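This report refers to the structure that appears directly beneath it.
Just so you know, all these numbers are worked out from the coordinates, no wet-lab data involved. Note that the coordinates shown come from a computational prediction; the quantities given were computed from them, not determined experimentally. Every residue, glycine as well, gets a Cβ built from its backbone with ideal geometry; the counts of neighbours run over all protein chains shown.
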2 protein chains.
Amino acid sequence: MSIFECPSYYNEVDSYVYAAIKPVLRTECLNLEDSLHRVLAEDITTLKSIPPFSRALMDGYAVKAKDTVGASPDSPKIFEIIDYLYAGGVSKKYISANECVHITTGAKIPDGADAVVMTENTGIENGRLCIYKPVNYGDNIEAEGQDIKKGRVLLKQGTALNPSRTGLIASQGISNVKVYEKPKIAIISNGEELAAADDILKDGQIYDVNSFMIGAIVKENGCLPLKFGIVGDNPQQIKALIDEALKVSDFVFISGGSSKGDRDFLFEILQKLGRVPSFKTKPENAKSGIFVISEGKPVLGTPGFPTSCLINAYVLLVPALRKMAQLPYHFNKSLDVKMSEDIDVAKSITGCFLPVKIEGERAFPVVNDNKGLINIAKADGYIILNEEIATIEAGSEVSVTLF
Amino acid sequence: MSIFECPSYYNEVDSYVYAAIKPVLRTECLNLEDSLHRVLAEDITTLKSIPPFSRALMDGYAVKAKDTVGASPDSPKIFEIIDYLYAGGVSKKYISANECVHITTGAKIPDGADAVVMTENTGIENGRLCIYKPVNYGDNIEAEGQDIKKGRVLLKQGTALNPSRTGLIASQGISNVKVYEKPKIAIISNGEELAAADDILKDGQIYDVNSFMIGAIVKENGCLPLKFGIVGDNPQQIKALIDEALKVSDFVFISGGSSKGDRDFLFEILQKLGRVPSFKTKPENAKSGIFVISEGKPVLGTPGFPTSCLINAYVLLVPALRKMAQLPYHFNKSLDVKMSEDIDVAKSITGCFLPVKIEGERAFPVVNDNKGLINIAKADGYIILNEEIATIEAGSEVSVTLF
């Protein structure tokens, strides 16, 4: 067991947790339309070249380029129009010398042709085509496979699908893909004082908040929340619920009971479960958390105060979820802005986790403590303060991790 | 009809489109658990103060503060322990002079008590409590309503729900919320050459890509895609499908047929539909787009080439979707990094839209053209180039809008 002080909390504990997490490798087949933000469990190989045939890049006339040599407005080259061809259609005609086929953008180049003359450089006289400007071999044609060649690996296993990658798969006519299953995250709220939503509050009770917040964070990061509800301050019941959760999930998250009070049983329970040393961070303050690997499965315990629970979730849980789901490490969620005012780091009551609201190009600190939620709900994201820097001056640049 | 040149494209056309968009105001009731990233259609008002009762912030003993005056290790104050109280429980006892109740964190302060003495500053002797350090009135107590006061507006109509805001609603025991419906976006792919996924490609055909990409972008931005499939190059059929789409959707997106070729009917059709002037951007190149408002509903037409379609979608469609859904304007999707190499803006073949891949802290340009998709699928996002700046030098800071 090791104790970490802030900001080591974010340097050592989070690396420790991150290193202990393993990606979930179960796979499932999904409709391409349902696979957005999922991670490929197979290479996608090109079945068909794109384009699958040489095609016109312009509306105009398909010709043999050599027949246009010397064409000019004063001395046009004359061609017989032997066919009219639109995108999606195919011409059965073969283009011989001084013959052409009228063609629209995207249509397959007829046999015998090797260039397309733009409509703008042509005219019609007595039903025949006059070409006013020569073209070179291949002009205005996109060759078969120019974009994507057949047999090539289009997208590698492990790629997270975004709109353009979804499009790339669709270009092959593939409508089902093999992706990794969403990791299953069990969520438990511990506390004799907790009531479930819609229950009538008894005197001394408060509503469970954490399972809703954590469920949302789990969903945002490519995982599936499994809600195990509320458990009171009974160590046998807590242990039984954790055991049940471990059977059906890939990760167990439990809030409440992680401190050292009379009724905080979590530390004791998890220490018995774990095969690797468990550790606990700053047990004296609200940022205490407990992490253990039990039979290969991670269990993370956090305090019950919603803000403390939320901070632990953003700093420790989110990277773990993304690693399990094989999603990029919190990649698209930061914004560089200027600090609105001087921040005295030592006086920060949320420790190294400073919630901020962004207005324009500036980050405004949101006054908060480790208990309440009203203020953090106003924040757009947070800054990790480095205790070695005593003050962040107004106007200096800070990187905000967005909620 | 006005023609815009790049980069005006991104300054004037997008402002024009954005200004013409109206938020969708239909509402629906959802389970709180299903409301992540949805937008509140009602104010959420506090039904219960949080905490709903004054509660202990520490494990210890609830006392009258005045009875502890003068307490010290040498001269402890002695108290009768009249009850044991845990979070979630309530004591029926009234604390009189020199009486105390053992209490755990989160438990309701018993009547008569006005402070909590930490366990660390106490001892037990002959079954009675010795207090070694005085406390002040209110010490270690969180007063009723200290976090959230009853009757206060917790979250305003128009707020997009994130995890902490979801938690704030849960703190009230509210499990259903009124949110705005997702705007419905009709998606049509136009082109005689297009085949649907899973169909066998006929000679001259390619698979429809755009409806998959646009469907994904629509989902990413809080809207609901309604797929209207593929329509060939028949102006009556195109018009009929747009009419049908306008009846059931809030916005119609159609790719293909937006140029000025023989079989590009879209411009003509939309001009007849529109009550406000339609416009078209750079019809000569792949970035041409058409936008019109028909009986209050926006219709956006883009070229069929996947990259052109995608660029139009990111630049014109995404802000429109977010405005319709009342989501923040593309807020959490940019990243400031350094350019990996010199960029000659005039030579950019994708015009002012430069796809980049991010590695470490640097943005690497992805070579691309307006037709293919293979390279853009490798990109992590894009930079908007300003034609007034001829070169972006290696190492200079650029803002990448992430895909």
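Among the residues of A:192-198, the average count of other protein chain beta-carbon atoms within 10 Å of the residue beta-carbon is 6.
Highest GNM mean-square fluctuation among B:Arg152, B:Arg128, B:Arg165, for chain B modelled with Cα contacts below 10 Å: B:Arg128.
Seen from B:Cys130, the other residues with C-beta closer than 15 Å to its C-beta sum to a net charge of -3, counting Lys and Arg as +1 and Asp and Glu as -1.
Judged by the gyration tensor of its Cα atoms, with axes a ≥ b ≥ c, the stretch B:55-142 is prolate; a/c meets the 1.5 cut and a/b is the larger of a/b and b/c. If you restrict to DSSP beta bridges whose two residues both lie in the protein assembly as shown, what percentage is antiparallel, to the nearest 5? Rounded to the nearest five, the antiparallel share is 65 percent.
Against the main long axis of the alpha-carbon atoms of chain A, helix A:210-220 sits at an angle near 20°. Cβ-Cβ distance of B:Lys93 and A:Asp342, R₀ of 56 Å, FRET efficiency by 1/(1 + (r/R0)^6): the value works out to about 0.70.
Mean-square fluctuation check for chain A, GNM, Cα pairs under 10 Å: which of A:Ala41, A:Ala377, A:Ala186 is largest? Highest fluctuation among the options: A:Ala377.
Note on the protein assembly as shown: dipole from Cβ charges, positive end direction compared against A:Cys309, A:Leu224, B:Pro365; the farthest Cα belongs to A:Leu224. For chain B, what is the percent of antiparallel DSSP beta bridges, rounded to the nearest 5? The answer is about 65 percent antiparallel.
Taking a ≥ b ≥ c as the square roots of the eigenvalues of the alpha carbon gyration tensor, chain A is prolate, as a/c is not under 1.5 and a/b beats b/c.
Each copy carries a label point for A:Asp243 at 7 Å from Cα toward Cβ; from one copy, the others' points are 6.9 nm away, ordered from shortest.
Taking the label point 7 Å along Cα→Cβ, B:Glu388 and its counterparts in the other copies are spaced 4.2 nm apart, in ascending order. Among chain B residues, the beta-carbon with the smallest distance to the axis carrying B onto A is reported, with distance in whole Å, as B:Asp336, 2.
Which Cα, out of B:Asn121, B:Ala62, B:Gly89, lies furthest along the positive dipole direction of the stretch B:55-142 (beta carbon charges, K/R +1, D/E -1)? Of the listed residues, the answer is B:Gly89.
Taking label points 7 Å from Cα along the Cα-to-Cβ direction, B:Asp34 and A:Ile124 give a separation of 5.8 nm.
Dividing the summed helix terms, -39500 (n - 2.57) for each DSSP H run of n ≥ 4, by the number of residues in chain A produces a 222 nm estimate of -4500 deg cm²/dmol to the nearest 500. Does the protein assembly as shown come out rounded, prolate or oblate, given a ≥ b ≥ c as the square roots of the eigenvalues of its C-alpha gyration tensor, rounded meaning a/c under 1.5 and, failing that, prolate meaning a/b above b/c? Note, shape of the protein assembly as shown comes out prolate. Using only side-chain charges placed at the Cβ, +1 for Lys and Arg and -1 for Asp and Glu, the dipole size of the protein assembly as shown relative to its Cα centre rounds to 1300 debye. The magnitude of the dipole of chain B, with charges of +1 and -1 set on the Cβ of Lys/Arg and Asp/Glu and taken from the Cα centre, is near 1260 debye. Can you list the aspartates and glutamates whose alpha carbon is less than 16 Å from that of A:Lys48, not counting same-chain residues fewer than 8 positions off? Candidates past the 8-residue exclusion: A:Glu142, A:Glu144, A:Asp147, B:Glu193, B:Asp198, B:Asp199, B:Asp203, B:Asp208. Bridge orientation summary for the stretch B:55-142: considering DSSP beta bridges with both residues in this region, about 75 percent are antiparallel. Take each residue of peptide A:153-162, count the partner chain Cβ atoms within 10 Å of its Cβ, and average: the result is 2. Between A:Ala19 and A:Asp199, the modelled label-to-label distance comes to 4.1 nm, taking each label 7 Å out from Cα in the direction of the beta carbon. Taking chain B as a Gaussian network of alpha-carbon nodes connected by springs under 10 Å, the highest mean-square fluctuation of the residues B:Lys77, B:Lys149, B:Lys22 belongs to B:Lys77. Inter-copy label distances at B:Asp342, shortest first and taken from points set 7 Å along Cα to Cβ: 4.5 nm.
In the structure shown, the pairs A:Lys378/B:Lys184; A:Lys219/A:Lys272; A:Lys66/A:Lys108; B:Lys182/B:Lys297; A:Lys219/B:Lys378 are assessed against 18 Å; a Cα-Cα span above that value is assigned to A:Lys378/B:Lys184; A:Lys219/A:Lys272; A:Lys66/A:Lys108; A:Lys219/B:Lys378. Which pairs, out of A:Lys357/B:Lys338; A:Lys22/A:Lys357; B:Lys150/B:Lys178, put more than 22 Å between their alpha-carbon atoms? Beyond 22 Å between Cα atoms: A:Lys357/B:Lys338; A:Lys22/A:Lys357.
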